[in-house]
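Take a look at the structure below.
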Amino acid sequence: MPTAYQIVEAIAKSQEDSRELQRSQQMQRLFLDQGPFCAYIKDEQSRMLYYNQELQSRFLVDSQEWLGKADSEFLPDPEDARRVMENDQLVLKTLRPLKLIEEVKMPGNNQLCYWLSSKFTFSDGTTGDRRIGGISIDITESIEAQRSLTELNRQLEEKTLKLEAKKRELIYLSDMADMLYSCESEDELYKVIALTCSQLFPNMNGCIFKIANSKNYVQMNSFWGNERTSKEIFSLSECWALRRGKVNILSPHNSGLICNHLIEPVSGTHLCVPLFGQGELVGILHIYAPEEISPEAQQITEIIARTLAIALNNLSIKQRLTYDSLRDGMTQLFNQNYLQTMMEQRLAEAERSGQPLSVIFLDIDNFKSYNSRYGHLTANIVLQRLAKLLLKSIRSFDIACRWGGEEFVIVMPNMTLENLRKRVEQLRIDVQQMQLRDGDRILEGITASFGIAVSEPGITVKDFLNRANQAMLEAKRTGKNRVIEYVNNYY
């Protein structure tokens, strides 16, 4: 039997253990109630058995209001309650802890909050029943910050893509300007514009129309894309951009004027931009898109049209200057500089192909006395008339040149010596029989002396021309008005 002392000592120890248990329970309660997290305990039907002060303050409830209730009875959104209950049942079924992010609308303002939750199961030591425990931390600020960062990244990526698109546009437009500057014909200009537009607007179709020289109709000069939405030839009155000299746009959101050159049924967006060359309306740039054309694309199209107009002006000036620099002002035949340049090329072609190249040197007989008799103005008429005869007598790929004064040179490739003799003899006769007039006055006819030479491998332009010139001088010396062929004994 225990002694009275042992009994007293056992009672004292039991009381101390009870006090220790109470202190431990108080510490646990203080931890749960004063911690910066939401804590709760539920039964197997997800009914609330306990929830701490943080949860009470978050949802503005007292310590008894939710006891015995399921989430569907106090959460404002039924869908939120269903998801929470499904998670509770998953923990009970698997008997394994579950970590997840839960979305819950707060009562009163329906503000969406995000909780990082950890759920687990344990047994009630008193009843042996299974319980669901949970601890949740509010991570709404972190989620919103992450979403803000994601949105900023999206906006940054979008701006980066726009900047890259702008960079490509600038590169295409810069390349277009460089290529337009190097073009030597209108067809090349139109091809450059077609290439640039297909690069800038890959999902659009387009074409360039040029007003005919007669000003009676408009004709398509260039086309890109896979769908034609306009007539190829139409009158100026069928396009509002041509009629008004202003941009005309027709789109689903811009019910503008419908141009009659569009092919029925008209759909999508049509943009007609007028082209001006040397201040004069010369055509239109037409763009078609199945959807709306953005203001940026419209602005780029107008820039392209203006650049094309400038290129047309520059090309016209360039061609005029080139023509003037290569032609003799009086006769409009090629001049001496052009002939010498082209003869180098023609000699190289002749040597590579093995075909002969012929040169004809002719000089009007007694032209100084003719000039003294009729005067310079009338003599110039004779030079112009002879130039027209030479152009009429040669082939399209032959070159006729005024060498200087009353001297002329003709270059003829790919012609046998026999045919050359016949051609030049006929030309001598044509010159002799040419009827000359100065208004109503009939002028005295002229004759010319001709020297001809055929190329040899390795001959220079200078030696080649000298041979033909020597033959012409021999024709002069031996009676004029005749054709002499160069032979080696002229040295």
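Derivation of every value follows stated rules applied to the coordinates shown; laboratory data play no part. No experiment lies behind these values; they were computed from the predicted model shown. All Cβ positions, even for glycine, are placed from backbone atoms using ideal geometry, and neighbour counts span all protein chains on display.
With a cut-off of 8 Å between alpha carbons and a minimum separation of six or more residues, what is the relative contact order of the chain in percent?
Relative CO of the chain lands at 7 percent.
Once phi is turned into θ = phi - 60°, what whole-Hz ³J(HN,Hα) does the Karplus curve with 6.51, -1.76 and 1.60 give for every residue of the stretch 447-459, x standing for Gly and Pro?
10, 9, 9, 10, x, 10, 8, 10, 5, 10, x, x, 6
Which of the lysines could a cross-linker bridge to Lys246, judged by Cα under 27 Å and excluding same-chain residues fewer than eight apart?
Lys166, Lys191, Lys210, Lys215, Lys231
For the stretch 94-166, what value does the Rg/Rh ratio take when both radii are computed over Cα atoms and Rh is the Kirkwood radius, given to two decimals? Numbers along the way, then the final one.
Values: Rg = 20.4 Å, Rh = 15.8 Å.
My calculation of the ratio gives 1.30.
Stokes-Einstein diffusion coefficient for the stretch 183-262 at 37 °C in a medium of 0.692 mPa s, Rh from the Kirkwood formula over Cα pairs: what value in µm²/s? Before the final figure, lay out each step's value.
Working: Rh = 13.8 Å.
In µm²/s, the coefficient is 238.
Mind checking the angle between helix 417-433 and the chain's longest principal axis? C-alpha axes, 0 to 90 degrees, to the nearest 10.
70
Could you tell me which of Leu281, Phe397, Gln319 has its Cα farthest along the dipole of the chain towards the positive end, charges placed at Cβ (Lys, Arg +1; Asp, Glu -1), taken about the Cα centre?
Phe397
On alpha-carbon atoms, Rg over Rh for the chain using Kirkwood Rh? Walk me through the intermediate numbers first.
On the way: Rg = 49.8 Å, Rh = 33.3 Å.
The Rg/Rh ratio comes out at 1.49.
Per the Cauchy relation, a quarter of the hull surface: what is the mean projected area of the convex hull of the alpha carbons in the stretch 132-231, in nm²? Walk me through the numbers before you get to the answer.
Values: hull surface 49.2 nm².
For the Cα atoms of the stretch 132-231, the hull's average projected area reads 12.3 nm².
For the stretch 61-107, take the alpha-carbon Rg, divide it by the Kirkwood Rh, and send me Rg/Rh.
Here Rg/Rh amounts to 1.00.
Tell me, what are the semi-axes, in whole angstrom and largest first, of the equivalent ellipsoid of the stretch 336-490 as set by the roots of 5 times the Cα gyration tensor eigenvalues?
Values: eigenvalues 158, 49, 38 Å².
After diagonalising the Cα gyration tensor, the semi-axes are 28, 16, 14 Å.
Give the whole-number value, in cubic angstrom per residue, of the convex hull volume spanned by the C-alpha atoms of the stretch 35-138.
On the way: hull volume 10.0 nm³, N = 104.
Residue-normalised Cα hull volume stands at 96 Å³.
Taking 2.2 N^0.38 Å as the expected size of a compact globular protein, what ratio does the Cα radius of gyration of the stretch 184-317 give against it, to two decimals? Before the final figure, lay out the partial values.
Details: Rg = 13.6 Å, N = 134, 2.2 N^0.38 = 14.1 Å.
With N residues counted in the stretch 184-317, Rg over 2.2 N^0.38 Å equals 0.96.
Between the helical axis of 186-200 and the dominant principal axis of the chain, each derived from Cα atoms, what acute angle in degrees is found, rounded to the nearest 10?
10
Less than 10 Å Cβ to Cβ from Leu333, Lys/Arg counted +1 and Asp/Glu -1: what total charge do the surrounding residues give? Could you put the intermediate results ahead of the total?
Values: positive: Arg327, Lys388, Arg402; negative: Asp328.
Here the count lands on +2.
Per 5 Å bin, what is the whole-percent P(r) computed from every C-alpha pair distance within the stretch 317-360?
Pairs per bin, as whole percents: 5, 20, 22, 19, 14, 12, 7, 1.
With just the Cα atoms defining each centre, how far is the stretch 221-262 from the stretch 80-150? Give it in Å.
Between the Cα centre of the stretch 221-262 and that of the stretch 80-150, the gap is 64 Å.
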